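The values are calculated or read from the model by the stated rules, or taken from the named source; none is laboratory data. Bear in mind the structure is a predicted one, so any value in this text is a computation, not a measurement. Quick reminder, even Gly has a Cβ in these numbers, built from the backbone with ideal geometry, and neighbours come from all protein chains shown. The protein model used for the area step is the full one, side chains on, heavy atoms only, and it has no ligands, DNA or RNA in it. Shrake-Rupley method; radii C 1.70, N 1.55, O 1.52, S 1.80 Å.
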Amino acid sequence: MKAVVFHGIGDIRLETVPEPKIRAASDAIVRLTASAICGTDLHMIRGTLPGMKPGTILGHEGVGIVEEVGRGVRNLRRGDRVVIPSTIGCGNCSYCRSGYSAQCDDANPNGPSAGTAFFGGPEMTGPFDGLQAEYARIPFAHHNLIRLPRDVSDDQAILLSDIYPTADFGAVLAEVGAGDVVAVWGCGPVGLFAVLSAFQRGAHRVIAVDGHADRLEKARELGAETINFNEEDPVETIKELTRGIGPDRAIDAVGVDAERPKQGPAAVSGEQAKQFDEQVSKIAPDAKPQGSLWKPGDGPSQVSIWAVQTLAKAGTLGIIGVYPQTDQFFPIGAAMNKNLSINMGNCNHRTYIPRLVEMVDAGVVDPTSVLTQHEPLTDVIEAYKQFDQRKPGWVKVELNPAG
């Protein structure tokens, strides 16, 4: 079968690899009908999320058809159409039973203290071969496959595998409620769904911040007030918009590959630029940029700094952007002295997806407004390059594994 294979930082290839097989009674084999490219994949290719094992198939978003089930899988059968949660849980441990499937005790073969297991991730997450392929093995299939209603399309369902539930999780972490003013940092696909989720959770105002005009336009279409940090100082603008109080809640939908402002009144220079450069060198010492490709973000703590500076006293920050263990640069002193609450983590996808599937099936929401590209798997490397460079119009890329 064809699959996207990681060979090293800055080196991914579309290759022919063996089809997966059932290894345990709780496994299932799924034929992928849709996959996608995510910003988390870029963290690994850029070297800002270390520990990738060469030969690992990338990708953690998938929709497909069940082809085979192990003898221990009693709630699924061949032919069922399913969405695959990005993070992996067993469904039996105390964490899964409490809804914290991203902290499952049993899914990660490195042990209960190893942290989140997910498809297509670094060695410390399993590793598990990912979903940018024609077929995939799904462990603990009774828990990690969710049947789809007939009227929920692949285009809709692929957005429920990771980015929409992650954004909804972010709104919950940020404690968004009725009447809140919410700042969403980053208008990539997760940030756009964070705008939507904040409104769905009761926010009256959402202020979205990014440096790319096309992404800000999509945030406006969702109802957000927007700030381009390459044209305005977001800290000063947010103060102006909120009578100097700041937002009640904030969601970091960017993570370690944040970009510093390149122009305008917020442009970074001097000591701050030097600090950002030092952070990049410590977080991603093995990065191997190829011109404009696969470059780590040049402002790893930029979002954290701005979010803490702008939040109202006693406000809440929800962090769903990915940060590796090598990142130790959060402005904790400034946060403490404002009595901020900080919640963060990897999404418990299995807990959040069923509600979103029901909403899409009922016609309450159509998530496909965030989807901008459909590409065959045969064109995946070029699609990765366009997405990596944040080319205009490239917000969310769906892949057709059969193409």
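All but one of (1) part of a helix (DSSP H, G or I); (2) closer than 30 Å to P50 by Cβ hold for C187, so report the exception by its number.
So C187 meets the others, but not (1).
Can you run down the residue pairs with Cβ atoms below 6 Å, 6 or more apart or on separate chains, where the first is in the range 40-61 and at pLDDT 95 or above and among the polar types (S, T, N, Q) and the partner is surrounded by 22 or more Cβ atoms within 10 Å (Cβ to Cβ) and part of a strand (DSSP E or B)?
T56/F6
Just one of (1) part of a loop (DSSP other than H, G, I, E, B); (2) crowded, with 18+ Cβ neighbours inside 10 Å trips up G244, so point out which.
Here G244 clears every test but (2).
Which ones in the range 106-133 are within 18 Å of C347 (Cβ to Cβ) and of a type outside the set (G, A, S)?
N108, T116, F118, F119, P122, M124, T125, F128, L131
Among the residues of the range 304-337, which ones are part of a helix (DSSP H, G or I), open to solvent by 10 Å² or more (accessible area, probe 1.4 Å) and among the aliphatic types (A, V, I, L, M)?
Matches in the range 304-337: I305, I332, A334, M336.
Against the definition (over 16 Å from N348 (Cα atoms), open to solvent by less than 50 Å² (accessible area, probe 1.4 Å) and touching a residue at least 40 places away in the same chain (Cβ under 8 Å)), how does A136 come out, yes or no?
The answer is yes for A136.
For the range 328-341, indicate whether the set of residues that are within 20 Å of the chain's Cα centre (by Cα) and in contact (Cβ under 8 Å) with a residue 60 or more places away in the chain is non-empty.
No.
Please go through the range 140-179 and give me each residue that is in a loop (DSSP other than H, G, I, E, B) and open to solvent by 10 Å² or more (accessible area, probe 1.4 Å), ordered by number. Lay out the reasoning, then the answer.
So in the range 140-179, the residues in a loop (DSSP other than H, G, I, E, B) come out as 140, 145, 148-153, 159-162, 174-179.
Across the range 140-179, the qualifying residues are F140, L148, P149, R150, D151, S153, D162, E175, V176, G177, A178, G179.
Might you check whether a residue that is touching a helix residue (DSSP H, G or I) at 6+ places or on another chain (Cβ under 9 Å), of a type in the set (V, I, T), closer than 30 Å to E398 by Cα and open to solvent by 20 Å² or more (accessible area, probe 1.4 Å) occurs anywhere in the range 354-361?
Taking every residue of the range 354-361 in turn, none turns out to be touching a helix residue (DSSP H, G or I) at 6+ places or on another chain (Cβ under 9 Å), of a type in the set (V, I, T), closer than 30 Å to E398 by Cα and open to solvent by 20 Å² or more (accessible area, probe 1.4 Å).
Can you tell me how many residues in the range 230-255 are on the phi > 0 side of the Ramachandran plot and more than 25 Å from the chain's Cα centre (by Cα)?
Matching residues across the range 230-255 total 3.
For the range 385-403, state whether one or more residues are under 22 Å from G121 (Cβ atoms), surrounded by 22 or more Cβ atoms within 10 Å (Cβ to Cβ) and over 19 Å from the mean Cα position of the chain (by Cα).
Yes - at least one qualifying residue is present in the range 385-403.
Filter the range 247-301 down to the residues that are surrounded by 14 or more Cβ atoms within 10 Å (Cβ to Cβ) and assigned to a strand (DSSP E or B) and list them by number.
Residues satisfying the conditions are R249, A250, I251, D252, L293.
Output the residues belonging to the range 380-403 that are in a helix (DSSP H, G or I) and either without any contact (Cβ under 8 Å) to a residue 24 or more places away in the chain or within 22 Å of V172 (Cβ to Cβ) (or both). Break it down stepwise before answering.
To start, the set of residues in the range 380-403 that are in a helix (DSSP H, G or I) comprises 380-388.
Answer for the range 380-403, where residues must be in a helix (DSSP H, G or I) and either without any contact (Cβ under 8 Å) to a residue 24 or more places away in the chain or within 22 Å of V172 (Cβ to Cβ) (or both): E382, Q386.
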